[in-house]
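First comes the structure, then the notes that go with it.
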Amino acid sequence: MPRITRTAEVTWEGNVARGNGSITAGSGAFSGLPYSLPTRIGAAEGKTSPEELLAAAHAGCFAMGLAGELTGAEAPPERLDVTCTIVMDEVEGQGHQIVGSTIEAVATASGLDPAAFDALVVTADAGCPFSTLLKNAGASVEISATLQPS
């Protein structure tokens, strides 16, 4: 696989407590996603956060990896539903840190027994760059996956 680079641009106005910003993807896939400290730590009110974007990235990466593993096992998925929850918490002496990521996946596919599916889930997690990044940073990564026959 070739080296991959992507960019995003952020504009922030004001101080951290009362200011706000917007995030735009270099690809044009999204533009002007609003975010602020109050909506980062409280109710989202239709705005995003860096943690939500990390959750989307981790879920998307894992879904692609699992789809690849299932396809390689000649059981391509009909559908994958993946939810990722990122947890940021206060770590003594280190401030706020990303401490965990939990993925819940439901795969609809045929031709696999549960043990084979579980092995593919482990392989997909091991090959997911976002799982690796989080684990190397000391965060926990938990994967719960269910196979639904098609």
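The values are calculated or read from the model by the stated rules, or taken from the named source; none is laboratory data. Just so it is clear, the structure is predicted and the values come from calculations on it, not from any experiment. With ideal geometry, Cβ positions are generated from the backbone for all residues, glycine too; neighbour counts draw on all protein chains shown.
Out of all the residues in segment 71-85, is one or more crowded, with 17+ Cβ neighbours inside 10 Å and more than 27 Å from T48 (Cα to Cα)? Break it down into steps so the answer makes sense when it comes.
Keep residues of segment 71-85 that are crowded, with 17+ Cβ neighbours inside 10 Å, which gives 75, 77, 80, 82, 84.
Within this subset, residues satisfying the condition of being more than 27 Å from T48 (Cα to Cα) are 75, 77.
Yes.
Can you tell me which residues in segment 1-54 are among the charged types (D, E, K, R) and either under 26 Å from V82 (Cβ atoms) or in contact with a Phe, Trp or Tyr (Cβ under 8 Å, 6 or more places away or on another chain) (or both)?
R3, R6, R40, E45, K47, E51, E52
I'd like to verify a number: residues in segment 34-52 that are touching a strand residue (DSSP E or B) at 6+ places or on another chain (Cβ under 7 Å) and of a type outside the set (G, A, S), how many? Break it down stepwise before answering.
Taking segment 34-52 as the starting set, the residues that turn out to be touching a strand residue (DSSP E or B) at 6+ places or on another chain (Cβ under 7 Å) are 34-36, 47-49, 51.
Right, trim to of a type outside the set (G, A, S) and you get 34-35, 47-48, 51.
The total comes to 5.
Within segment 113-150, work out how many residues are over 22 Å from E78 (Cα atoms) and touching a Leu at 6+ places or on another chain (Cβ under 6 Å).
Within segment 113-150, residues that are over 22 Å from E78 (Cα atoms) and touching a Leu at 6+ places or on another chain (Cβ under 6 Å) number 1.
When only residues in segment 94-121 that are out of contact with any strand residue (DSSP E or B) (no Cβ under 7 Å at 6 or more places or on another chain) and free of Cβ contacts under 8 Å to residues at least 12 places away in the same chain count, which is nearest to C61 (Cα to Cα)?
Filtering segment 94-121 for residues that are out of contact with any strand residue (DSSP E or B) (no Cβ under 7 Å at 6 or more places or on another chain) and free of Cβ contacts under 8 Å to residues at least 12 places away in the same chain, the one nearest to C61 (Cα to Cα) comes out as A119.
Among strands (runs of 3 or more DSSP E) lying entirely in segment 1-69, which contain 1 or more residues that are at pLDDT 95 or above and surrounded by 15 or more Cβ atoms within 10 Å (Cβ to Cβ)? Explain how you work it out, then say what you get.
Working: elements: 8-13, 20-25, 33-35.
The qualifying strands (runs of 3 or more DSSP E) are 20-25, 33-35.
Within segment 108-147, which residues are in contact with a helix residue (DSSP H, G or I) (Cβ under 8 Å, 6 or more places away or on another chain), closer than 18 Å to I86 by Cβ, part of a helix (DSSP H, G or I) and of a type in the set (A, V, I, L, M, F, W, C)?
Listed by number, the residues that qualify are F130, L134.
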